[in-house]
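Colleague: The structure under discussion is supplied below as structure tokens; questions concerning it will follow.
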Amino acid sequence: MIAAIVPAAGHSRRMGTPKLLLPLAGTTVIGCVVDALLDAAVDQVLVVVRPDDSQLRAALAERRVEFVPNPDPAADMLSSVRCGLAALSAECDTALVAPGDQPGLSAALVRDLIAAYRASDRSILVPTFAGRRGHPLLFSTRYRDEILSQFDGVGLRGLLLAHSGEVLDWPASDRAVIEDLDDPEDYRRAVRAH
């Protein structure tokens, strides 16, 4: 069973407005990400949100997702990943971390990532494009306790370093794996692409 964790508790300071709720492709930025995951038939989608973020919950209300509150939304992305890991179903054997600000992700790309992970003998997969590592990151839930207690300050890069022999660097054909939305120019680029 594969569960997707979507960190979505940030404050969008560089964008100047709640970036995940910006309109895109007939939905919102976060809607694009969640739709790609659901269309790729991920078994469970956990969206990690600020406890008071009613707007984001409302934007995804019609979708088959579970909301997980992050009591410390000002912390780094690792804190949201940890919240998601703590909420995983006991049947889950693989976690997929897909940041909420990567609206270029497609269901086909997610399916390809999952297929490559399942076909490999590695327990961690990270997509690459033009030599750069990106997201979504897939890993075995056997690393759950380690992530819950380690890698402060370095995030999931710490997992990749600690288990470098278990990492499959998977060359993606789509640069979406390295593109996220941090500022208004990134958003304009996403609008042009959609």
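The values are calculated or read from the model by the stated rules, or taken from the named source; none is laboratory data. Fair warning: this is a prediction, and the values are worked out from it, not measured in the lab. Reconstructed Cβ throughout: ideal geometry from the backbone, glycine too, with neighbour counts over all protein chains shown. Heavy atoms of the whole protein, side chains included, go into the accessibility calculation; ligands, DNA and RNA do not. Shrake-Rupley method; radii C 1.70, N 1.55, O 1.52, S 1.80 Å.
Colleague: From the residues Tyr117, Ala25, Leu38, which one has its Cα farthest along the dipole of the chain in the positive direction, the dipole being from +1 and -1 charges on Cβ of Lys/Arg and Asp/Glu about the Cα centre?
Modeller: Ala25
Colleague: Sticking with this structure for a sec: Accessible area per residue, 1.4 Å probe, Å², for region 117-178: what's the number?
Modeller: Numbers: 3280 Å² over 62 residues.
That works out to 53 Å² per residue.
Colleague: Calculate what fraction, in whole %, of the accessible area of region 1-146 sits on carbon and sulfur atoms when a 1.4 Å probe is rolled over the protein chains. Kindly include the intermediate steps, with their values, before the conclusion.
Modeller: On the way: 2920 of 6100 Å².
Within region 1-146, the accessible surface is 48 percent carbon and sulfur.
Colleague: Determine the dipole magnitude for the chain: charges of +1 sit on the beta-carbon of Lys and Arg, -1 on that of Asp and Glu, nothing else is charged, the reference point is the Cα centre, and the result goes in debye to the nearest 20.
Modeller: On the way: 20 positive and 26 negative charges, 62 e Å.
Using Cβ point charges on Lys, Arg, Asp and Glu, the chain gives about 300 debye.
Colleague: To continue, here is another question. Have a look at His11, His135, His163 and tell me which one the Gaussian network model of the chain (Cα, springs below 10 Å) gives the largest fluctuation.
Modeller: His163
Colleague: Can you give the longest run of the chain that contains no trypsin sites (Lys or Arg not before Pro) sitting in a DSSP loop with at most 15 other Cβ atoms inside 10 Å? Intermediate values should be presented prior to the final figure.
Modeller: Numbers: sites that count: Arg13, Arg14, Arg63, Arg64.
That would be 65-194.
Colleague: Put +1 on the Cβ of each Lys and Arg and -1 on the Cβ of each Asp and Glu in the chain; which of Phe67, Pro171, Tyr187 then has its Cα farthest toward the positive end of the dipole?
Modeller: The residue sitting most towards the positive pole is Tyr187.
Colleague: Something else: What per residue convex hull volume, in Å³, do the alpha-carbon atoms of the chain yield?
Modeller: Looking at the chain, the number lands at 114 Å³ per residue.
Colleague: Name the longest site-free stretch of the chain, where the excluded sites are GluC sites (Glu not before Pro) in a DSSP loop with no more than 15 other beta-carbon atoms within 10 Å. Intermediate results must be reported in sequence, preceding the final value.
Modeller: On the way: sites that count: Glu62, Glu91.
Within the chain, the longest run free of exposed GluC sites (Glu not before Pro) spans 92-194.
Colleague: Looking at the square roots a ≥ b ≥ c of the eigenvalues of the Cα gyration tensor of region 1-94, which shape do they give, rounded for a/c under 1.5, prolate if a/b is larger than b/c, or oblate? Walk me through the intermediate numbers first.
Modeller: On the way: a/c = 1.99, a/b = 1.19, b/c = 1.67.
Oblate shape, in that a/c is at least 1.5 and b/c is the bigger or equal ratio.
Colleague: Sticking with this one: On a full-extension model of 0.36 nm per residue, what is the gain between Ala108 and Ser54, subtracting their alpha-carbon distance, rounded to one decimal in nm? Before the final figure, lay out the partial values.
Modeller: Values: separation 54, 0.36 × 54 = 19.44 nm, distance 3.01 nm.
In short, 16.4 nm is gained.
Colleague: To the nearest 500 deg cm²/dmol, what mean residue ellipticity at 222 nm is calculated for the chain from DSSP H runs of n ≥ 4 alone, each contributing -39,500 (n - 2.57), summed and divided by the residues? Please report the intermediate quantities before stating the final value.
Modeller: Details: 7 runs with 62 residues, N = 194.
Roughly -9000 deg cm²/dmol at 222 nm, from the helical runs in the chain.
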